[in-house]
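See below for the structure under consideration.
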Amino acid sequence: MVTLESGTLAVPGARLYVEVRGIGPLLLLIPGGASDAEVFRDLADELAAHHRVITYDPRGISRSLLDGPPPPSWLDAQTDDAARLLDHLAPAGEPVRVFGSCAGALIALELMVRDPRRIRLAVAHEPPAMGLLPDAARHAAFFDEVHATFRREGVPAALDKLRAIFGGRPAPPLPEATDNSVFFLSHVILPSTRCVPDVTALAAVADRVVMAGGRESRTYDVRRPVVALAQRLGRELVEFPGGHAGYAKYPGPFAAQLTGILAGVLPSLG
(Lines give C-alpha, C1' and ligand atoms only; values in the text may rest on other atoms or scores of the structure.)
Protein backbone atom coordinates (compact mmCIF):
# COMPACT_ATOMS: atom_id res chain seq x y z
CA MET A 1 0.00 0.00 0.00
CA VAL A 2 1.32 3.47 -0.90
CA THR A 3 2.07 5.70 2.09
CA LEU A 4 0.41 9.08 1.71
CA GLU A 5 1.47 12.25 3.51
CA SER A 6 -0.74 15.33 3.36
CA GLY A 7 -0.59 18.86 4.65
CA THR A 8 -0.91 22.51 3.72
CA LEU A 9 1.51 25.19 2.58
CA ALA A 10 0.85 28.86 3.20
CA VAL A 11 1.44 31.00 0.10
CA PRO A 12 0.54 34.66 -0.48
CA GLY A 13 -3.24 34.83 -0.59
CA ALA A 14 -3.98 31.14 -0.04
CA ARG A 15 -3.16 27.87 1.71
CA LEU A 16 -2.38 25.00 -0.65
CA TYR A 17 -3.46 21.45 0.14
CA VAL A 18 -0.62 19.05 -0.77
CA GLU A 19 -0.14 15.27 -0.94
CA VAL A 20 3.17 13.41 -1.23
CA ARG A 21 3.63 9.67 -1.83
CA GLY A 22 6.40 7.32 -2.95
CA ILE A 23 10.18 7.59 -3.10
CA GLY A 24 12.58 8.36 -5.92
CA PRO A 25 13.00 11.28 -8.35
CA LEU A 26 10.62 14.13 -7.65
CA LEU A 27 7.54 14.34 -9.90
CA LEU A 28 4.97 17.14 -9.68
CA LEU A 29 1.49 16.49 -11.11
CA ILE A 30 -0.52 19.62 -11.92
CA PRO A 31 -4.29 19.27 -12.44
CA GLY A 32 -6.30 21.49 -14.73
CA GLY A 33 -9.67 23.18 -14.90
CA ALA A 34 -11.85 22.39 -11.91
CA SER A 35 -9.75 19.41 -10.82
CA ASP A 36 -7.91 18.86 -7.55
CA ALA A 37 -5.44 16.28 -6.26
CA GLU A 38 -8.13 13.58 -6.27
CA VAL A 39 -8.08 13.42 -10.07
CA PHE A 40 -4.53 12.03 -9.89
CA ARG A 41 -5.08 9.66 -6.96
CA ASP A 42 -4.89 6.38 -8.88
CA LEU A 43 -2.22 7.64 -11.27
CA ALA A 44 -0.08 8.90 -8.39
CA ASP A 45 -0.37 5.55 -6.60
CA GLU A 46 0.95 3.85 -9.73
CA LEU A 47 3.76 6.36 -10.24
CA ALA A 48 4.83 6.19 -6.59
CA ALA A 49 6.61 2.90 -7.27
CA HIS A 50 9.31 4.88 -9.09
CA HIS A 51 8.89 8.52 -8.02
CA ARG A 52 8.24 10.80 -5.09
CA VAL A 53 4.95 12.19 -6.36
CA ILE A 54 3.53 15.58 -5.38
CA THR A 55 -0.13 16.35 -6.05
CA TYR A 56 -2.09 19.37 -4.84
CA ASP A 57 -5.27 21.40 -5.11
CA PRO A 58 -4.61 24.66 -7.00
CA ARG A 59 -5.52 27.84 -5.15
CA GLY A 60 -9.28 28.37 -4.91
CA ILE A 61 -9.93 24.71 -5.71
CA SER A 62 -11.35 22.27 -3.11
CA ARG A 63 -9.11 22.27 0.00
CA SER A 64 -6.78 25.11 -1.13
CA LEU A 65 -8.69 28.03 0.32
CA LEU A 66 -8.14 31.64 -0.68
CA ASP A 67 -7.41 34.33 1.91
CA GLY A 68 -8.81 37.02 -0.38
CA PRO A 69 -9.86 37.56 -3.99
CA PRO A 70 -8.14 35.62 -6.79
CA PRO A 71 -5.00 37.40 -8.04
CA PRO A 72 -5.26 39.34 -11.32
CA SER A 73 -2.85 37.11 -13.26
CA TRP A 74 -3.99 33.49 -13.20
CA LEU A 75 -0.87 32.01 -14.83
CA ASP A 76 1.62 34.00 -12.74
CA ALA A 77 -0.12 33.07 -9.49
CA GLN A 78 -0.43 29.39 -10.40
CA THR A 79 3.19 29.16 -11.50
CA ASP A 80 4.35 30.96 -8.35
CA ASP A 81 2.38 28.45 -6.27
CA ALA A 82 3.92 25.45 -8.04
CA ALA A 83 7.41 26.92 -7.64
CA ARG A 84 6.82 27.50 -3.92
CA LEU A 85 5.70 23.89 -3.54
CA LEU A 86 8.97 22.77 -5.12
CA ASP A 87 10.98 25.15 -2.93
CA HIS A 88 9.26 23.67 0.11
CA LEU A 89 9.51 19.98 -0.81
CA ALA A 90 12.61 19.67 -3.00
CA PRO A 91 16.17 20.01 -1.67
CA ALA A 92 18.07 22.83 -3.33
CA GLY A 93 19.39 21.73 -6.70
CA GLU A 94 17.28 18.56 -6.92
CA PRO A 95 15.97 18.11 -10.48
CA VAL A 96 12.20 17.93 -10.87
CA ARG A 97 9.97 16.35 -13.48
CA VAL A 98 6.53 17.82 -14.12
CA PHE A 99 3.34 16.50 -15.69
CA GLY A 100 0.42 18.85 -16.27
CA SER A 101 -2.89 18.30 -17.99
CA CYS A 102 -5.25 20.87 -19.53
CA ALA A 103 -4.71 24.17 -17.65
CA GLY A 104 -2.10 22.37 -15.57
CA ALA A 105 -0.07 21.80 -18.73
CA LEU A 106 0.18 25.57 -19.20
CA ILE A 107 1.63 25.85 -15.70
CA ALA A 108 4.08 23.02 -16.40
CA LEU A 109 5.32 24.80 -19.52
CA GLU A 110 5.66 28.11 -17.69
CA LEU A 111 7.67 26.41 -14.94
CA MET A 112 10.05 25.10 -17.59
CA VAL A 113 10.41 28.56 -19.14
CA ARG A 114 11.04 30.19 -15.77
CA ASP A 115 13.52 27.70 -14.36
CA PRO A 116 14.91 25.28 -16.97
CA ARG A 117 17.80 24.36 -14.67
CA ARG A 118 15.42 22.99 -12.06
CA ILE A 119 12.85 21.35 -14.35
CA ARG A 120 14.44 18.28 -15.90
CA LEU A 121 11.42 17.39 -18.07
CA ALA A 122 7.93 18.83 -18.60
CA VAL A 123 5.11 16.75 -20.07
CA ALA A 124 2.24 18.94 -21.30
CA HIS A 125 -0.99 17.02 -21.90
CA GLU A 126 -3.51 18.95 -24.02
CA PRO A 127 -2.94 22.53 -22.80
CA PRO A 128 -5.91 24.71 -23.88
CA ALA A 129 -3.73 27.38 -25.54
CA MET A 130 -6.37 28.27 -28.11
CA GLY A 131 -4.48 31.44 -29.05
CA LEU A 132 -2.01 29.27 -30.99
CA LEU A 133 -4.71 28.31 -33.49
CA PRO A 134 -5.47 30.12 -36.76
CA ASP A 135 -9.10 30.48 -35.61
CA ALA A 136 -8.12 31.81 -32.17
CA ALA A 137 -10.65 34.64 -32.32
CA ARG A 138 -13.50 32.20 -32.83
CA HIS A 139 -12.43 30.18 -29.82
CA ALA A 140 -12.04 33.28 -27.66
CA ALA A 141 -15.61 34.24 -28.56
CA PHE A 142 -16.77 30.72 -27.75
CA PHE A 143 -15.28 30.77 -24.24
CA ASP A 144 -16.68 34.27 -23.70
CA GLU A 145 -20.10 32.86 -24.48
CA VAL A 146 -19.59 29.90 -22.12
CA HIS A 147 -18.71 32.37 -19.36
CA ALA A 148 -21.67 34.60 -20.21
CA THR A 149 -23.98 31.57 -20.21
CA PHE A 150 -22.75 30.69 -16.73
CA ARG A 151 -23.54 34.20 -15.53
CA ARG A 152 -26.99 34.20 -17.12
CA GLU A 153 -28.15 30.62 -16.70
CA GLY A 154 -25.85 28.87 -14.24
CA VAL A 155 -23.43 25.95 -14.19
CA PRO A 156 -25.38 23.21 -16.03
CA ALA A 157 -26.10 25.40 -19.06
CA ALA A 158 -22.48 26.56 -19.27
CA LEU A 159 -21.08 23.04 -19.00
CA ASP A 160 -23.54 21.88 -21.63
CA LYS A 161 -22.23 24.55 -23.99
CA LEU A 162 -18.62 23.65 -23.14
CA ARG A 163 -19.10 20.12 -24.45
CA ALA A 164 -18.52 21.45 -27.98
CA ILE A 165 -14.74 21.36 -27.44
CA PHE A 166 -15.00 17.71 -26.41
CA GLY A 167 -16.51 16.60 -29.71
CA GLY A 168 -20.03 17.36 -28.51
CA ARG A 169 -19.71 15.01 -25.55
CA PRO A 170 -20.04 16.07 -21.92
CA ALA A 171 -16.76 16.73 -20.15
CA PRO A 172 -15.79 13.42 -18.51
CA PRO A 173 -16.80 13.03 -14.85
CA LEU A 174 -13.66 13.03 -12.72
CA PRO A 175 -12.77 12.24 -9.10
CA GLU A 176 -12.80 15.38 -6.96
CA ALA A 177 -12.85 16.36 -3.31
CA THR A 178 -15.53 18.99 -3.97
CA ASP A 179 -17.37 20.37 -6.99
CA ASN A 180 -15.37 23.35 -8.24
CA SER A 181 -17.50 24.23 -11.26
CA VAL A 182 -18.45 27.68 -10.00
CA PHE A 183 -14.85 28.70 -9.30
CA PHE A 184 -13.69 27.22 -12.60
CA LEU A 185 -16.30 29.08 -14.64
CA SER A 186 -15.78 32.29 -12.68
CA HIS A 187 -12.00 32.49 -12.48
CA VAL A 188 -10.22 29.80 -14.54
CA ILE A 189 -11.87 29.17 -17.89
CA LEU A 190 -11.17 32.57 -19.47
CA PRO A 191 -7.59 33.23 -18.32
CA SER A 192 -6.45 29.65 -18.97
CA THR A 193 -7.84 29.48 -22.50
CA ARG A 194 -6.26 32.85 -23.30
CA CYS A 195 -2.76 31.80 -22.24
CA VAL A 196 -0.25 31.46 -25.08
CA PRO A 197 3.03 29.71 -24.16
CA ASP A 198 6.31 31.45 -24.92
CA VAL A 199 7.21 29.42 -28.00
CA THR A 200 10.60 31.09 -28.41
CA ALA A 201 11.64 30.27 -24.86
CA LEU A 202 10.30 26.73 -25.13
CA ALA A 203 12.22 26.19 -28.38
CA ALA A 204 15.46 26.64 -26.42
CA VAL A 205 14.54 23.67 -24.18
CA ALA A 206 12.40 21.71 -26.65
CA ASP A 207 14.42 18.53 -26.12
CA ARG A 208 13.11 18.48 -22.53
CA VAL A 209 9.48 19.23 -23.33
CA VAL A 210 7.01 16.49 -24.29
CA MET A 211 3.79 17.44 -26.05
CA ALA A 212 1.09 14.88 -25.30
CA GLY A 213 -2.49 14.16 -26.32
CA GLY A 214 -5.08 11.46 -25.83
CA ARG A 215 -5.77 8.85 -28.49
CA GLU A 216 -9.51 9.18 -27.90
CA SER A 217 -9.51 12.98 -28.22
CA ARG A 218 -7.88 13.21 -31.66
CA THR A 219 -10.92 14.94 -33.18
CA TYR A 220 -11.63 17.28 -30.26
CA ASP A 221 -10.95 21.02 -30.42
CA VAL A 222 -9.40 20.82 -26.96
CA ARG A 223 -6.53 18.78 -28.42
CA ARG A 224 -5.74 21.08 -31.34
CA PRO A 225 -3.44 23.49 -29.44
CA VAL A 226 -0.99 20.78 -28.37
CA VAL A 227 -0.74 19.59 -31.97
CA ALA A 228 0.01 23.15 -33.08
CA LEU A 229 2.56 23.65 -30.32
CA ALA A 230 4.34 20.39 -31.13
CA GLN A 231 4.61 21.50 -34.76
CA ARG A 232 5.93 24.93 -33.75
CA LEU A 233 8.60 23.30 -31.60
CA GLY A 234 9.47 20.62 -34.14
CA ARG A 235 8.50 17.86 -31.71
CA GLU A 236 6.56 14.67 -32.28
CA LEU A 237 3.25 14.50 -30.45
CA VAL A 238 3.14 11.62 -27.98
CA GLU A 239 -0.22 9.89 -27.63
CA PHE A 240 -1.39 8.54 -24.27
CA PRO A 241 -4.22 6.12 -23.48
CA GLY A 242 -7.68 7.62 -23.26
CA GLY A 243 -8.86 11.10 -24.05
CA HIS A 244 -8.52 14.49 -22.39
CA ALA A 245 -8.51 12.87 -18.94
CA GLY A 246 -7.03 9.48 -19.82
CA TYR A 247 -4.89 9.53 -16.67
CA ALA A 248 -8.05 9.12 -14.58
CA LYS A 249 -9.72 6.50 -16.79
CA TYR A 250 -6.63 4.37 -17.50
CA PRO A 251 -4.20 5.09 -14.63
CA GLY A 252 -2.18 1.87 -15.02
CA PRO A 253 -1.33 2.11 -18.75
CA PHE A 254 -1.03 5.89 -18.50
CA ALA A 255 1.46 5.58 -15.62
CA ALA A 256 3.47 2.93 -17.47
CA GLN A 257 3.88 5.19 -20.49
CA LEU A 258 4.64 8.27 -18.41
CA THR A 259 7.22 6.38 -16.35
CA GLY A 260 9.02 5.34 -19.52
CA ILE A 261 9.03 8.88 -20.85
CA LEU A 262 10.31 10.28 -17.57
CA ALA A 263 13.12 7.73 -17.63
CA GLY A 264 14.03 8.80 -21.16
CA VAL A 265 13.59 5.36 -22.68
CA LEU A 266 10.07 5.44 -24.10
CA PRO A 267 9.13 8.26 -26.47
CA SER A 268 5.79 6.73 -27.41
CA LEU A 269 3.74 3.57 -27.17
CA GLY A 270 1.99 3.88 -30.49
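The values are calculated or read from the model by the stated rules, or taken from the named source; none is laboratory data. Computed from a prediction, not measured in an experiment: that's the story for all the values here. Here the Cβ is made from the backbone with ideal geometry for all residues, glycine too, and neighbour counts use every protein chain on show. Just the protein is used for accessible areas: all its heavy atoms, side chains included, with ligands, DNA and RNA removed. Shrake-Rupley method; radii C 1.70, N 1.55, O 1.52, S 1.80 Å.
Could you work out what % of the accessible surface of the chain is carbon and sulfur, using a 1.4 angstrom probe and leaving DNA, RNA and ligands out of the count? Walk me through the numbers before you get to the answer.
Working: 6210 of 11330 Å².
Using a 1.4 Å probe with all protein chains present, the chain comes out at 55 percent carbon and sulfur.
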### Task
Please list, in chain and number order, the residues 5+ apart from L26 or on another chain whose amide H is under 5 Å from its amide H, with Hs placed from the backbone.
R52, R97
### Task
Take each of the peptides 150-157, 39-46, 99-106, average the number of other beta-carbon atoms within 10 Å over its residues, and list them starting from the highest.
99-106, 39-46, 150-157
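Taking 0.36 nm per residue of sequence separation and subtracting the Cα-Cα distance, how much length would be gained by fully extending the chain between R235 and A206, in nm to one decimal? Please list the in-between numbers first.
On the way: separation 29, 0.36 × 29 = 10.44 nm, distance 0.75 nm.
Roughly 9.7 nm would be gained on extension.
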### Summary
Inter-part gap, Cα centre of region 172-200 to Cα centre of region 82-103, in whole angstrom, is 20
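Can you give the net charge of the other residues whose Cβ lies under 12 Å from the Cβ of G24, counting K and R as +1 and D and E as -1?
Numbers: positive: R21, R52, R97; negative: E94.
Cβ neighbours under 12 Å give a net charge of +2.
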### Query
Can you give the calculated 222 nm mean residue ellipticity of the chain, where each DSSP H run of n ≥ 4 adds -39,500 (n - 2.57) and the sum is split over every residue, rounded to the nearest 500 deg cm²/dmol?
-10500 deg cm²/dmol
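Once you list every other residue whose beta carbon is under 10 Å from the beta carbon of Y56, what net charge do they have if Lys and Arg are +1 and Asp and Glu are -1? Let's see the in-between values first.
Working: positive: R59, R63; negative: E19, D36, D57, D81.
Within the 10 Å Cβ shell, the charges total -2.
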### Message
Compute the orientation-averaged projected area for region 129-186 from the convex hull of its Cα atoms and round it to one decimal in nm².
### Response
4.4
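Going by a ≥ b ≥ c, the root eigenvalues of the Cα gyration tensor, does the chain fall in the rounded group (a/c under 1.5), the prolate group (a/b larger than b/c) or the oblate group?
Details: a/c = 1.41, a/b = 1.16, b/c = 1.21.
Judged from the Cα gyration tensor, the chain comes out rounded (a/c under 1.5).
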### Summary
Net charge near F142 (other residues with Cβ under 11 Å of its Cβ; Lys, Arg +1; Asp, Glu -1) is -2
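Can you tell me what share of the DSSP beta bridges in the chain is antiparallel? A percent to the nearest 5 is fine.
Here the share of antiparallel DSSP bridges comes out near 40 percent.
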